[in-house]
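The values are calculated or read from the model by the stated rules, or taken from the named source; none is laboratory data. Quantities reported herein were computed from a predicted structural model and do not represent experimental measurements. Neighbour counts run over all protein chains shown; Cβ positions are idealised from the backbone, glycine included. All accessible areas refer to the heavy atoms of the entire protein, side chains included, with ligands and DNA or RNA removed. Shrake-Rupley method; radii C 1.70, N 1.55, O 1.52, S 1.80 Å.
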Amino acid sequence: MAIMRIEYRSEILDKENRVNIIYPDLSRVDHPDDPDIPVLYLLHGMGGTQDSWLNRTNLDRILRYTNLIVVMVNTDNAFYTNTNYGVRYYDAIVEELPRVLKRFFPNMSTKREKTFIAGLSMGGYGAFKLALSTNRFSYAASFSGALYIEGMVDALADRPEFQEKKAFWQGIFGDLSHPHENPNTILNIAKDSDRQTKLYAWCGEGDYLYGLHQIAVKKLSNLGLDLEARHSPGTHEWYYWEKQLEIFLQMLPIDFKLEERLGE
């Protein structure tokens, strides 16, 4: 597969921005002349960048025979949100990036049924946020996702370490004095979605987010979303996120084939 690192001028962010792309090899896919190639957006977690999925997983090998474009973006630690300090990461991804990419890749699909999104930890939050707020993605996956921000605030509000970073969290999410009313929570975003996106959420049973994750998926299910939630032994680590990505890829309406592995 071709791995491309693109730098482009983002008018919304007012800076040079970077995005990584995996593009299917002509000689390795069944339909090399496909004019409408499916696309998967992969989102990083806190402390990560657009390079994280490439550096920490075998993504290019896993997808080498799959007719799929993969887009990896960077929003620093801002939770894929238009921040209160004026940096519009959400708009840069939702409004600007698809137009930029269409100029580079005119055969990249813009159809909802061929557009997917997934992310880990902070990126799990981002994947559900972008999918539920735009109604442009047919499938969305969260791996160890921070899906219950309001619960996290409730649990940590009186701790010194939270108070020390309160300005950071409020810079992203705004007023947190009433976190359950915050418009940036996944639950509040989901209430206005069209409920047509197929959602997949996984969290390891040894993950520090596991308890909050279980609360979140129950509340999301109660909203009538098309959500499949799973849990299994695991922690907040890349080993498990790569495994979950393979599971998610098998759910998608694409030509992905899980590679044969001895002993599995």
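Conditions (1) in contact (Cβ under 8 Å) with a residue 60 or more places away in the chain; (2) in contact with an Asp or Glu (Cβ under 8 Å, 6 or more places away or on another chain), marked per residue:
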{"residue": "Y200", "(1), (2)": "yes, yes"}
{"residue": "G206", "(1), (2)": "no, no"}
{"residue": "L227", "(1), (2)": "no, no"}
{"residue": "P233", "(1), (2)": "no, yes"}
{"residue": "L258", "(1), (2)": "no, yes"}
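With respect to being touching a helix residue (DSSP H, G or I) at 6+ places or on another chain (Cβ under 6 Å), of a type in the set (A, V, I, L, M, F, W, C), assigned to a helix (DSSP H, G or I) and open to solvent by less than 40 Å² (accessible area, probe 1.4 Å), F137 falls outside the description.
The criterion of at least 2 residues that are open to solvent by 10 Å² or more (accessible area, probe 1.4 Å) and either of a type in the set (S, T, N, Q) or at positive phi (or both) is met by the following helices (runs of 4 or more DSSP H) wholly inside region 158-264: 210-222, 238-251.
The residue that is most open to solvent (accessible area, probe 1.4 Å), among those in region 24-49 that are assigned to a loop (DSSP other than H, G, I, E, B) and within 30 Å of N77 (Cβ to Cβ), is M46.
Residue check: E95 meets all listed conditions (1) open to solvent by 20 Å² or more (accessible area, probe 1.4 Å); (2) touching a helix residue (DSSP H, G or I) at 6+ places or on another chain (Cβ under 7 Å); (3) not in a loop (DSSP other than H, G, I, E, B) but one, namely (2).
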